[in-house]
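Okay, so here's the structure we're looking at.
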Amino acid sequence: MQTSRLPTDRLLTDPILGQLSAIQLSKLLPHIEARVIDAGSHLYQMGDPARTVYVIQRGTVRMECARGRRTTRNEGYAGEESLLGIDSHTDAAIAVDQTDVLAIPASALADITELSRSLREHFFKSYVTRYDDPGDAAPPLIPKALPVDATLFAILGWLLAIALPVLAFLIGPVLGLSEAATDFLAIIAVTVCMWLFGLVPEYVPPLFAALAVILLDVAPPEQALSGFRSESFFICLSIFGIGAMMVASGVTYRFSLWVMSRVPATLAGYSISLFGLGTLLSPIIPSVVGRVTIISPFLVELVELSKAGPKDVFANRLIFSLTAGASIFVPLFLTASVPNLVVYGLLDPQTQFAFDWLSWINASLVFGLLVLVSFFVVSALLFRGAREFSIPRQTILEQRRILGPITRMEWVAILAVTAMTLGILTEAVHGIDVPWVALAVLVTLMLFGSFQREALRNQIDWPVLIYIGAIVGWVPIAASTGLDDTIVAHLGWLAHYMTTDFPLFILMLSGLILVVRLALPTGVTVVLFTTALFPLAAAHGCSLWLIGFIILAVADTFIFPYQSSYFLKLRNDLAARGMGEVCDDGRIISANIVMLVLRIGAIYGSLIYWQYLDLM
């Protein structure tokens, strides 16, 4: 068997594949391999795993089924059963003479056939009309065994989910908590157990918590579900929607091809590209989830083209690069996240005047350089041994040629992103908050029919939005039950170390933040600690910006997947393309732990610089 040059024009005129859109065909192109089959050689034998569809270009293929029936084809397809849910080939295919075929992995075509029912029907018709009697090729259907999910780890998780609420009810009166606060603490304990042990999907525990809060009368329904009308929810909805528009229009795919045609075709080149894109968007898009939403199609395409298997090191290095690029520089840019803007809003007027956008970057410059070095160290050490993979330049050029000129929908997506970016950067002029700028852009797209119902339903990650909306409501619940006051009251002792031993204060504060982050999201944690520590810092003459920066730098991290909505979003994107087993959670968790230690080390490494700036 030999390989030959891939004839792109043949695909455009194919009676079935030619029905694909330019974007679909361009995405399929790198997966297709042109092969030359010698006379007498098998394309596949009866009973072989059905994983590839063959398009016959030139020559003749003879097919033989188990009942002795034969047929020949000098055009059309072979191996269509791989797209029809049949695990193994029901006949044998032999080249009568030297035959040219295009080999298409069924997995690469699966997403497209799901989107187009007519395409699947065409392949089914080609399969059943192969012989005079379609029954000659009908395979026996063997049900697949279902995996057993019950493990000792899950059992331990459920036992703790029962035991920890009991413990909360015992220690609640000791801490002076009210009955409602004790109930809420017990609910949080159950929720954290569900997350830590992966007992249910990540968006289920906060919904359970909201329901329990309502049923136990901890807080009224409008408070328990207040997250679904919060600014955080609407900014995520808007950015998800605009990101979905970019994906559906094809502009993100076109941009990813443009990037891949210019970066080195190596693992390091792809990794740095993903990291750089996240960094580039950090000062523009005030949401890590939004940045990941925009860049993830590029990552998913690379992982899919590389044929990554379960826990593939190459794929996980790319995942780490994307999440790091979108998140590790959040403390550097004032407009990189909503919590940053919250901290800025809590600063006194004099500090706000001193720390505008550029001054904020200048004060955090050393920290940024240190975490940048940390990223490269962790990438090199924890993801070593990753295989190399590259996409041929000629293939990328052919993909871009198939796409043709920029379409009207792509121009609409580009204008939408441009309008949102300008609206964010000019917030000081028009006075409209960032969430409503993004929502205005999304609603405008809907009003003019640029955003179709199918894209809204299929492209937006609704489970992650449910997760965000349900968990944001914990802030007002904690306030109404008095749980936040109890926490603040127990943090007063930190003021002593804030003034007498600042390095030890950093270590203690970091430890407390990490413990709270096990249960609360970044935004809630930032609000809680800034509310508790800003008055103490002001009373003892400490820089409010410095305290706020340390809180942001430590709180905006994650160790376990459930702690990060953007990691969940990325993992869901991969799972939607049949690559859910690619993520190596153990390796990612290890990398996150090391990055967290180095991130705290970067805070210590910045102390001399902050002394030079008279912030200490």
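Do you know which residues across the stretch 318-332 are of a type outside the set (S, T, N, Q) and within 14 Å of the chain's Cα centre (by Cα)? Selection gives L318, I319, F320, L322, A324, G325, A326.
Of all residues in the stretch 16-43, those that are at positive phi and in contact with a helix residue (DSSP H, G or I) (Cβ under 7 Å, 6 or more places away or on another chain) total 0. Scanning the stretch 563-578 for residues that are of a type in the set (F, W, Y) and surrounded by 24 or more Cβ atoms within 10 Å (Cβ to Cβ) yields a single hit, F567. Looking across the stretch 521-530, the residues that are free of Cβ contacts under 8 Å to residues at least 60 places away in the same chain and either not aromatic (F, W, Y) or not in a helix (DSSP H, G or I) (or both) come down to P521, V524, T525, L528.
Scanning the stretch 497-518 turns up no residue that is modelled with pLDDT under 80, farther than 20 Å from W360 by Cβ and under 35 Å from the mean Cα position of the chain (by Cα).
For S41, the criteria (1) surrounded by fewer than 17 Cβ atoms within 10 Å (Cβ to Cβ); (2) out of contact with any Lys or Arg (no Cβ under 9 Å at 6 or more places or on another chain); (3) at pLDDT below 75; (4) under 24 Å from T72 (Cβ atoms) hold in every case but one, which is (3).
Residues that are under 29 Å from A110 (Cα atoms) and modelled with pLDDT under 80 number at least 1 in the following helices (runs of 4 or more DSSP H) confined to the stretch 253-328: 288-305. Reported count of residues in the stretch 567-588, each being of a type outside the set (D, E), without any contact (Cβ under 8 Å) to a residue 60 or more places away in the chain and touching a helix residue (DSSP H, G or I) at 6+ places or on another chain (Cβ under 8 Å), is 2. A single member of I162, I171 is within 33 Å of the chain's Cα centre (by Cα), loosely packed, with under 15 Cβ neighbours inside 10 Å and at pLDDT 80 or above, and it is I162. Out of the residues in the stretch 163-198 that are part of a loop (DSSP other than H, G, I, E, B) and out of contact with any Ser or Thr (no Cβ under 9 Å at 6 or more places or on another chain), which is farthest from A519 (Cα to Cα)? If we take residues in the stretch 163-198 being part of a loop (DSSP other than H, G, I, E, B) and out of contact with any Ser or Thr (no Cβ under 9 Å at 6 or more places or on another chain), then V174 is farthest from A519 (Cα to Cα).
Among the conditions (1) assigned by TED's automatic domain parsing to the domain that holds I551; (2) of a type in the set (S, T, N, Q); (3) over 20 Å from L596 (Cα atoms), S261 misses just one, which is (1).
Just one of the listed residues (A532, A555, A538) is modelled with pLDDT of 80 or more and under 26 Å from M616 (Cα atoms), namely A555.
With respect to being modelled with pLDDT under 90, in contact with a helix residue (DSSP H, G or I) (Cβ under 8 Å, 6 or more places away or on another chain) and assigned to a helix (DSSP H, G or I), T351 fits the description. Scanning the stretch 375-397 for residues that are part of a helix (DSSP H, G or I) and at pLDDT below 85, we see that the one that is surrounded by the most Cβ atoms within 10 Å (Cβ to Cβ) is I396.
Residues in the stretch 199-232 that are in contact (Cβ under 8 Å) with a residue 60 or more places away in the chain and either of a type in the set (F, W, Y) or outside any helix (DSSP H, G or I) (or both): how many? Looking only at that region, the number is 8. Scanning the stretch 433-448 for residues that are exposed (fewer than 14 other Cβ atoms within 10 Å of the Cβ) and either outside any helix (DSSP H, G or I) or assigned by TED's automatic domain parsing to the domain that holds W357 (or both) gives a single hit, F448.
For Y203, the conditions (1) under 27 Å from L334 (Cα atoms); (2) in contact with a Pro (Cβ under 9 Å, 6 or more places away or on another chain) all hold with the exception of (1).
So, R400, is that one modelled with pLDDT under 85 and closer than 17 Å to Y270 by Cα or not? When the stated conditions are applied, R400 does not pass them. Those residues that are buried (at least 16 other Cβ atoms within 10 Å of the Cβ) and of a type in the set (S, T, N, Q), I need them from the stretch 339-374; list them, please. Passing the criteria: N340, T351, S364, S374. When L372 is tested against (1) in a helix (DSSP H, G or I); (2) hydrophobic (A, V, I, L, M, F, W, C); (3) at pLDDT below 80, only condition (3) is not met.
If you check A110, A138 for being under 29 Å from the mean Cα position of the chain (by Cα), of a type in the set (A, V, I, L, M, F, W, C) and modelled with pLDDT under 75, only one passes: A110.
The values are calculated or read from the model by the stated rules, or taken from the named source; none is laboratory data. Just so we're clear, the structure is a prediction, and the values are computed from it rather than from any experiment. Here the Cβ is made from the backbone with ideal geometry for all residues, glycine too, and neighbour counts use every protein chain on show.
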